[in-house]
Amino acid sequence: MAIVKVLGLETEYGIIIRGAADPNPIAASSALINAYVAEVARKVGWDFEDESPGNDARGFAREGAMPPEVETHLVNAVLTNGARYYVDHAHPEYSSPECADAREAVCFDKAGERILARSVEAAGRLLPPGQSLVVLKNNSDGKGNSYGTHENYLMDRSVPFARIVQYVMPHFVTRQIYTGAGKVGSEASSTGGVEVSFQLTQRADFFEEEVGLETTLKRPIVNTRDEPHCDAQKYRRLHVIVGDANLSEVSTYLKIGCTALVLAMIEDDWFARAGERDFTLASPVAAMRRVSYDLGLHQTLELADGRRMTALEIQWEHLDLARKYAEDRGLDSVGGQEIGSDLLQRWETVLSGIESDPMSLASQLDWVAKYRVIEGYRQRHHLDWGDHRLAAMDLQYHDVRPDKSLFARLGMERIVDEPSVVAAMTEPPRTTRAYFRGKCLQRWASQIAAANWDSLVFDLGTDPLRRVPMMEPLRGTADLVDELLAGCASPAELLERLGS
């Protein structure tokens, strides 16, 4: 049976420095994060012991491949909610704590938005007069540069990577119809002769390979980074880089929830067991852009076996398989019956809405909401799609400041309530090892030298430093460690009881 899809989101935020003679995004990102951390907690740095972004799941790397650099000199903090908050390639990045289901992941992703907004306020109190920071939850600066929103899913190491690639590729290409954040125009070097006034996604322009290790150049649809951050003999972490930065909670929920379901089906070899349901695309990279550029959602994609199907038809097929899978195998791998059933129902509702009238989903999907408001403004003011005011509205949709955000004015449907989001800014999820990490940081930050996803390093004032490994993502939960933590008055006592 498929294992529980522990998951999380990493978001690189866009940053703009206004009023500076020589704007430096790295310095600005550092100031942003340091201002927040200084106001809320003692800074605990990141432990780079297990960072290995050059490991390739295929067992080899293409000649000339350029895995991401590990930038140990930049600001890196661990928060009491179990998240990582740091500077990554001149962007502030918030990596959510490990979550046990899609709804919980949405909550901690929204908490990240609130943390970035609070950071802008904190940094604003420290900046020189006349300077300000604007932070955007998007994926493109409009000048040909893209930055990522990455998803992470726990998978069984025994599943052949080739099987994952075969069956997840069509899903990644076609899920854009509900995961896209929308974008005015295109930044692709070539659009294949298609005029792109508005497209479904922010990221499709920037993918050039089907499978590979890179994340910033020659981006692949399926990323092969093999860095599990847990027991590498048992697990892999599928690192997904094709998604947009969503503000819509429904889009985020479906993006990670439906993908978790598809990955569970792949683990259980359900596509083959259900009668070799294979939707391999003839040209996935070209199909990525074809789907994103198709506002009418009627363009067909060529499959490797010669058939042609629309992205919507392929998603309907995936939903049909998922329903049969749920009946046969259950939904424990995606959070249980309640979460799994809700995912299936919302998946069907959204596909039905796209089929009948995409604009009916303006309160649920990012690309629809953005298109409707920008198209309405364009028509009222008789503007061409190339007008700079529409590009400015596109950016304003993603502003993390509630009083400036276009998204915040649209009354979009919620998946989680605001008190839960506010609590998630400082409190860790109770369902994964992030709970142990977060609670230790809350109680004993001054005696924690560093932390990462799979360990905590304690400094008790005597040599040597003491490392507590956390190799199982579903250990360290509230149910498992609350009594232990309550019975320890100091980290020394905790380490003694753990035998570390």
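Give the Debye-formula value of log10 I(q)/I(0) at each listed q (0.18, 0.20 Å⁻¹), with one equal scatterer per alpha carbon of region 413-464, two decimals each. For the requested q values the scattering log ratios are -0.66, -0.76. Residues of region 377-412 with an amide N closer than 19 Å to a point placed 7 Å from the Cα of D141 along the Cα-to-Cβ direction: 391-400. A Förster distance of 41 Å, applied to the separation of the beta-carbon atoms of L295 and L474, puts the FRET efficiency at 0.50. Take each peptide in 236-249, 140-153, 336-349, count the other Cβ atoms within 10 Å of every residue, and average; sorted highest first, the result is 236-249, 140-153, 336-349.
Surface composition of the chain: carbon plus sulfur atoms hold 48% of the accessible area, using a 1.4 angstrom probe and ignoring ligands, DNA and RNA. What the Cβ-Cβ distance of E375 and L126 gives, at R0 = 45 Å and to the nearest 0.05, is a FRET efficiency of 0.70. Between E302 and S500, the contour length at 0.36 nm per residue exceeds the Cα-Cα span by 65.7 nm. In terms of packing, defined here as the mean over residues of other Cβ atoms within 10 angstrom, the peptides 1-12, 436-447, 366-377 line up highest first as 1-12, 366-377, 436-447.
When only Cα pairs below 8 angstrom with a gap of at least 6 residues are kept, region 177-217 shows a relative contact order of 41 percent.
With viscosity 1.002 mPa s and temperature 20 °C, the Kirkwood radius over alpha carbon pairs of region 345-500 converts through Stokes-Einstein to a diffusion coefficient of 108 µm²/s.
Across region 449-500, C-alpha contacts under 8 Å between residues 6 or more apart give a mean separation that, scaled by the residue count, equals a relative contact order of 27 percent. Net charge in the neighbourhood of Q379 (other residues with Cβ under 14 Å of its Cβ; Lys, Arg +1, Asp, Glu -1) is +1. For region 419-426, 3J(HN,Hα) computed residue by residue from phi via the Karplus equation (6.51, -1.76, 1.60; θ = phi - 60°) reads x, 5, 5, 4, 4, 5, 5, 10 Hz, glycine and proline entered as x. Rg and Dmax of region 73-171, both derived from C-alpha coordinates alone, stand at 17.2, 57 Å. Put a dot 7 Å past the Cα of K404, heading toward its Cβ, do the same for M1, and the two dots end up 4.9 nm apart.
For region 16-33, the Karplus equation 6.51 cos²θ - 1.76 cosθ + 1.60, evaluated at θ = phi - 60°, returns couplings of 10, 9, 9, x, 9, 5, 9, x, 10, x, 5, 5, 5, 5, 5, 4, 4, 6 Hz by residue, with Gly and Pro reported as x.
Remark on region 222-262: hydrodynamic radius 11.8 angstrom, per the Kirkwood mean of 1/r across alpha carbon pairs. Distances between placed amide hydrogens fall under 5 Å for T224 paired with G212, L213, all partners being 5 or more residues away or on another chain. Amide hydrogen proximity for L9: with H placed 1.01 Å from N in the peptide plane, the residues at 5 or more positions away or on another chain lying under 5 Å are S96.
The Kirkwood hydrodynamic radius of region 244-361, based on inverse pair distances between different Cα atoms, is 15.3 Å. Residue-wise HN-Hα couplings along region 145-158, as the Karplus relation 6.51 cos²θ - 1.76 cosθ + 1.60 with θ = phi - 60° gives them from phi, are 10, 10, 10, x, 10, 10, 10, 9, 10, 6, 9, 6, 4, 6 Hz; Gly and Pro carry x.
Take every Cα pair under 8 Å whose residues are at least 6 apart in sequence, average their separation, divide by the length of the chain, and the relative contact order is 21 percent.
The values are calculated or read from the model by the stated rules, or taken from the named source; none is laboratory data. The shown structure was predicted, so the numbers you read here are calculated from the model rather than taken from an experiment. Because the Cβ atoms are built from the backbone with ideal geometry, glycine has one as well, and the counts that use them run over all protein chains shown. Areas reflect the complete protein model, heavy atoms only, side chains present, ligands, DNA and RNA absent. Shrake-Rupley method; radii C 1.70, N 1.55, O 1.52, S 1.80 Å.
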